[in-house]
Amino acid sequence: MAALVPPPPPPDPQFVLRGTRSAVNALCFCEGSQALERPLLFSGSQSGLVHIWSLQTQRAIAVLDGHGSQSVIWVQTLPQGQQLLSQGRDLQLCLWDLAEGRNAIVDSIRLESVGFCRSSILAGGQQRWTLAVPGKGSDEVQILEMPSKTSVCTLKPEADAKPGMPMCLGLWQLSPQANSSPRPLLLVGYEDGSVVLWDISERKVCSHIACHEEPVMGLDFDSQKARGVSGSAGKELVVWSVDGPQSLQVCGTHKLTNPGIADVAIRPDHKILATAGWDCRIRVFHWRTMKALAVLAFHSASVNCVAFATNGLLAAGSKDQRISVWSLYSRP
Amino acid sequence: MDPAPSAVRLSVQEAIHTLSSSEDAGHILTTLGSVRRYLGEAEDPALAGEKKEFATVHFSAFLRCLISKLSQEWLELSPDGQLEQLWESFFLEGPADQAFLVLMEGVEGSAGPSFRLMRMAQLLATFLSKGRMAALMEEQCRPQMKAGFPLLQETLLSKVVGLPDHLGNRLQRDNLAQFFPQNYFPVLGKEILQALQVVVNSLRGGLDCSVSFVSRVLGKVCIQGRQKEILSVLVPQLTVLTQDSGLWQRVCWRLAEQVPDQAMEAVLTGFVEVASGPEVLSRLLGNLVVKNKKAQFVMTQKFLFLQYRLTTPMLKSLLGYLAMDSQRRPLLIQALKELLETWGSSSSVRHAPLAQQRYISTAILICLVHLGEPELQDIRDELLAGMMEGVKCHLDSSLTPVRHLGMIVAEVISSRIHPEGPPLKFQYEDSELSREMLALVAPAPEGDCSSEEGGPPLAPAVTKAPAEMSVHGGVSSAQPPGSDSELDSDDEFIPYDMSGDTELKSSKAPLYIRDCMEALAVSEDVQRWEAALQALEGLVYRNPESTREVSVELVKILLHLEDRTSLARFGALRQRALVAVTVTDPARVAEYLTSQFYALNYSLQQRMDILDVLTLSAQELSRPGRLRRPSQHDSPGSGSQCSPTQAVSQPGSATAPNWRVVVEERIKSKTRRFSKGLPQRELSSSPNEFSSVAGHFFFPLTRHFDRPVVTFDLLGDDQLVLGRLTHTLGSLMYLAVNTTVAVPMGKALMEFIWVLRFHADTYVRRGLLSAVSSVLLSVPAERLLGDLPDELLEARSWLADPMSSLHALGTHPGTACMEHASSCVARPVLSCGSHAAADVAEKDADDGCRELAVKALLLLERIRGRLLPSS
């Protein structure tokens, strides 16, 4: 019966943020308690600037310039304080202090990798948090203990594996009740199209699947369902799960119309999934069934990043210098 | 004369005498009582011989006497109603046939409404309700030895069947509801069942019976067109009764066989219409079709070839009936052969109405379903020959449904006669017609029919939602059921429209018209070529100046463009681009296109493309207020979806209108208006741009149609293009409304129509008729009369029956128009074709043509009504 009703036309964005004056490479919603009274969105752009957008006034309230006009490829807020991490192509990873209207670099880490791999953090409620960054060797990933910046280990694939450069990282840990001591795990998407699960404490590869033909461009993981999704430069989106003793298994492959996924993001309530496509379109899927829900054709150049806010808002940044903000299937 | 009058005769004579003279109630009652002994119901019944004598000889006379005495006073002689009761009992208990005849005689003999008539009618109603009619018929089923019996039966028959008419005539408005035909015949049906039940019982008892009287009743009722009333009672009951009784079946068969020949068709029509399927028909009729020549003719010829009114289920039960018995099967094969012959005859394809062609095709498909593999192999060569012949004629037809019928039937036949060979496959759209036809052959039929091969592989593909197709099964099954604590229903995740999700093209669309032309003409880069084609329409509308510089060249390129890459919307894109150029530079391009229409070395498709482009451009040019939003025009051939390259080159253009609507609505809802003024948006008036160039579009097209060139003969084989041409000219005429050029155009068009009016092809005729309507609509009425009255009259006499048109003209004498008219009509008809074909509105074989002719006539009437409002 429902099939007879013509599907509704694709929605329009809730609003559009303009003014970065260069391609938007990274997005992050402000998390934590202060997000409630002052919802913010951070964007990193090609020109090396980080914009702080107020979602209430829909204007940029501050611009952070710390990467010497080199492209910013990753921005991430820290849960505990008003702190922001930004990773730039100038090989600096900066930690910004934003509390009380300040915007100063309080710390920075010198990166060794010249690739485009975005870093990843794992922060519990505590003061200490873990950071994964692309390492010195072209195929290495370095794990740092923060804020002390002590190197925990370097994860280097075995000599004969040759997966190429790491392209995207995802830190997570098994839930404490499953295992008495939290074991941080790292998912890495490599250049050869494989996704690898590393056990950080044992510094070894737990599992390895070669699920893409092309380099993996983005991955996200749903620790609640122990399922993740990765997108590559190719035409397919692969859903995999971590079964039993930390082994990866492909659950399904979803063919796309046009090749190239720059980023994937699962909504914090684990209900829908959004992908940023090189074909200028944002695609939305039902996360449990992987049913395609919407194709949002708003941008006129490739979409570089997507991000979800805790309240369900979706933001997408594109090479056309615009950030579109969408409200889809918002929770009642 | 009689030497010794019998006791019965004496007592009856005495009773009649008493009745006629006595006024004493007691005397009358005793007299009646004594006569009643002879009916056998009284306490001391008379001897059997006496009873018989009374029944055969004296009963009618006695009843007549009773009728003659009937009056209110006479009945009131005995106040307790005893006399009335006794009086009635004679009619209800005596022999039913005589009682019925006497009653009917009495009814017919009475002059007008009276107490006696009403009383008799009531008695007749009681007679019916007491089941005496069944007794009457049952009596007639017994073997009879009496002389004059056939005559009696004939009379009875006509009275039984004609009862509603007789009573209706006599009683007029006082008629009782029981005697209305819609009530009487179902009752008669029930009575027939009762009579048959008695027949069956007596057959069981070893007695001989004949149902011929019942058959004749049935036949006569059916001839009167009351099949539905009587058979809808009879057939369902018989269906049940014959289910497990062989005797009932035999009685039924006999019943059908005894139907007189002249009534056979009516009865069989009723049976086929009411029976619920071939099994029922087979049980009720048996092998009637083999035994009875008339029945065979009706079932295998009349129903199939001379009529086409049976619905598909009826046709199914008819042909199923033929297929159900080995004796009848040769008839089915014969029928299939003849059907195929008719199907394949080019004259029937050309002249038979579409509904009949569809009927015959349906019948062929049903036959094919019923025939098994070996039987088909036997007549394979004939089938093949018939099919080849038929496909050719059907594909030649210019009517799409006829072509589809040809394709579907051919596909099915070929798949049945060559089940293992490569299937014949035509391309046709999925329509209601094709779905219905294919549904006939799709399900595997039960019974002895070919179940080894469940129909040809033609079942229409079930369309699945794209979203469901693309999800691979593993995803949802990987999640063990129940682990998902919060069972999120999918109801809140209704997918949005994803039709815009198409593949992107990598190359950039050209930005200048000349680049586009170059890409289209010489580019080897397929993607560039595609992008150029997709961008062209928008470019032309944005750059009218530069388009005008190269318009003819561009049209030349587009006209010769071939679909090199199987681009999905190639046809639409090319057409829209052509229309865009034509609209931008109408005069020159139209001149070029019309000259190319009659030029050498074009394919028929290209010529038809020219016509389409001219029509669409004219439509666009004549659209009022088209300059306001030149890029958002809509043409019939274009897909409504916005192409992806356009969306890329103009950010946000695809979604902009939606926003605007939302914004406007918001403003509207927030704004309070104190008064409703003028409507907000007025259509700005602007001149019809088609006006100045209509001649360039129209006249060159009418110029050369009768001059065949080597590859193009409009009056010969290429009638499809001629049909398109007539439609195009009609459209151009219609679009030229309110222009000065309309009058000469109308004149030229009427001449064109006149030459072709008896064309054999339906599509061409349809085009001509719609062109007549366009002329009537576009040319102002005054000018119609002033400038082309002759053409008008000729058209009229072509459209309508010559007699009726004369009559219509004669009703308005004295006006200038009509004087002119009569002088014209008196003239011999110019270039007379066949007078037989002169009235399209009534005699054309094609429904569409008739409808168009009637429309044109109505328009003519309206124009006349407008010119002569006073008369």
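Counting neighbouring Cβ atoms within 10 Å and putting the fewest first, the residues B:787, B:24, B:761, A:279 line up as B:24, B:787, B:761, A:279.
Residue exposure proxy: B:309, B:9, B:173, ordered by other Cβ atoms within 10 angstrom of their Cβ from fewest to most, comes out as B:173, B:309, B:9. Here residue A:70 and residue B:301 are evaluated by their C-beta separation; at R0 = 60 Å the FRET efficiency comes out at 0.05.
Inter-label distance, residue B:524 to residue B:595: 3.4 nm, where each label sits 7 Å from its Cα along the C-beta direction. Between the alpha-carbon centres of region A:51-127 and region B:368-447 there is a gap of 72 Å. Take every Cα pair under 8 Å whose residues are at least 6 apart in sequence, average their separation, divide by the length of chain A, and the relative contact order is 13 percent.
Region A:191-270: which GluC sites (Glu not before Pro) are DSSP loop and have at most 10 other beta-carbon atoms within 10 angstrom? Filter output for region A:191-270: A:202. Full extension of the chain between residue B:30 and residue B:290 gives 87.6 nm of extra length, using 0.36 nm per residue less the Cα-Cα distance. On a 20 Å Cα-Cα criterion, which of the cross-link pairs B:159/B:220; A:162/A:319; B:159/B:190; A:136/A:319 come out too long? The pairs that break the limit, which is 20 Å between Cα atoms, are A:162/A:319; A:136/A:319. Estimated from the Cβ-Cβ distance and a Förster radius of 45 angstrom, the FRET efficiency linking residue B:432 and residue B:512 is about 0.45. Calculate I(q)/I(0) for region A:1-100 by the Debye formula, one identical point scatterer on each C-alpha and no solvent, and give its log10 at q = 0.12, 0.14, 0.24 Å⁻¹ to two decimals. Those come out to -0.44, -0.55, -1.28, one per q.
In percent, what relative contact order does region B:240-325 have, based on Cα pairs under 8 Å that are 6 or more apart in sequence? Reported relative contact order: 36 percent.
When a/c is below 1.5 the answer is rounded, else prolate if a/b is larger than b/c, else oblate, so apply that to chain A with a ≥ b ≥ c taken from the square roots of the Cα gyration tensor eigenvalues. Rounded, since a/c falls under 1.5.
For a straight C-alpha distance cut-off of 29 angstrom, the lysines reachable from residue B:747 (same-chain residues fewer than eight places away being disregarded) are B:843, B:855.
Could you tell me which of B:318, B:295, B:280 has its Cα farthest along the dipole of region B:279-372 towards the positive end, charges placed at Cβ (Lys, Arg +1; Asp, Glu -1), taken about the Cα centre? Value: B:295.
Tell me, what is the FRET efficiency for residue B:707 and residue B:346 to the nearest 0.05, using R0 = 25 angstrom and their Cβ-Cβ distance as r? It comes to 0.40. Straight-line cross-link reach from residue A:271 at under 19 Å between alpha-carbon atoms covers these lysines, not counting any fewer than eight positions away in the same chain: A:225, A:291. Maximal additional length on extending the residue B:334-residue B:262 stretch stands at 23.5 nm, based on 0.36 nm per residue less the C-alpha distance. Rounded, prolate or oblate: which one fits region B:66-144, using the alpha carbon gyration tensor with axes a ≥ b ≥ c (rounded when a/c is under 1.5, else prolate when a/b beats b/c, else oblate)? Prolate is the answer for region B:66-144, as a/c is 1.5 or above and a/b outweighs b/c. Each of B:592, B:308 has some number of other Cβ atoms within 10 Å of its Cβ, and from fewest to most they run B:308, B:592.
Taking 7 Å steps out from each Cα toward its Cβ at residue B:73 and residue B:326 produces label points 7.8 nm apart.
Fraction of C-alpha pairs exceeding 16 angstrom in region B:329-396: 43 percent, rounded to a whole number. Taking 19 Å as the straight-line reach from the Cα of residue B:508, the aspartates and glutamates in range (excluding those fewer than 8 positions away in the same chain) are A:279, A:320, B:518, B:524, B:525, B:530, B:537.
Just so you know, all these numbers are worked out from the coordinates, no wet-lab data involved. Here the structure is a predicted model, which is why all the values come from computation and not from measurement. Don't worry about glycine lacking a Cβ; one is built from the backbone with ideal geometry, like all the others, and counts go over all protein chains shown.
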